[in-house]
Amino acid sequence: MVKTSIPFGSRTERRWTEPGARPESGDMSDHFVAPVAAYEPPYYAVVFTSVRTEDNDGYDETGERLSELVKEIPGFLGEDVARTPGGLGVTVAYFRDEAAIDAWRNHMEHRAAKKRGRDHWYTRYTLHIAKVEHSHGFERAGR
């Protein structure tokens with residue numbers, strides 16, 4: 001499998017896909033998309049749900065930049081991102097501990113992006129932080 005860019009909602013997501021698979025505009029039926037792996041608990045899930053405005057100025061670039069920056073935070077485990085056709089966005093970021101969440105919350109570029117989001121990109125959002133006490137995964141054989 002290889003890491004490729006796939007058009008997803010208003011952003012381009014990078015996901016693991018089968019070698020040779022090419023993103024088709026909006027149709028991901030032939031793509032292998034995997035959730036973040038199940039980790040040994042305890043760890044934390046930060047759930048960000050949002051509704052966007054029509055303002056896209058800088059949104060995609062900022063999202064891609066933040067997705068790269070968060071990987072530098074010690075204790076960051078991964079993220080799942082989805083957006084419904086109706087406009088509800090859901091990002092779940094996983095962190096080993098609260099110190100990692102605090103490091104990301106206080107990261108200078110992340111703070112600037114949050115302000116820009118409140119000023120321009122979101123009509124509303126909600127943030128939930130939960131401690132994961134149980135985690136397991138499933139993968140069909142042959143995938």
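Derivation of every value follows stated rules applied to the coordinates shown; laboratory data play no part. Just so it is clear, the model here is predicted, and its values are computed rather than measured. Here Cβ is always computed from backbone atoms with ideal geometry, including for glycine, and neighbour counts include all displayed protein chains.
Footprinting exposure proxy ranking of Asp57, Asp97, fewest other C-beta atoms within 10 angstrom first, gives Asp57, Asp97. Counting other Cβ atoms within 10 Å as a rough exposure proxy, the listed residues Phe48, Phe95, Phe138 run Phe138, Phe48, Phe95 from fewest neighbours to most. Along the axis of the charge dipole computed for region 80-141 (Cβ charges of +1 for Lys and Arg, -1 for Asp and Glu, origin at the Cα centre), the listed residues His128, Gly89, Ala141 are led at the positive end by Gly89. Applying 0.36 nm per residue to the separation of Glu139 and Asn106 and subtracting their alpha-carbon distance, the gain on full extension is 8.3 nm. When the Kirkwood radius is taken over all Cα pairs of region 30-143, what Stokes-Einstein diffusion coefficient follows at 37 °C and 0.692 mPa s, in µm²/s? In µm²/s, the coefficient rounds to 214.
Ordered by the number of other Cβ atoms lying within 10 Å of each residue's own Cβ, fewest first, Trp121, Trp104 fall into the sequence Trp104, Trp121. Taken as Cα centroids, region 90-143 and region 55-73 sit 13 Å apart, rounded to the nearest whole angstrom.
The residues neighbouring Gly86, those whose beta-carbon lies less than 15 Å from its own, together hold a net charge of +2 under the Lys/Arg +1, Asp/Glu -1 convention.
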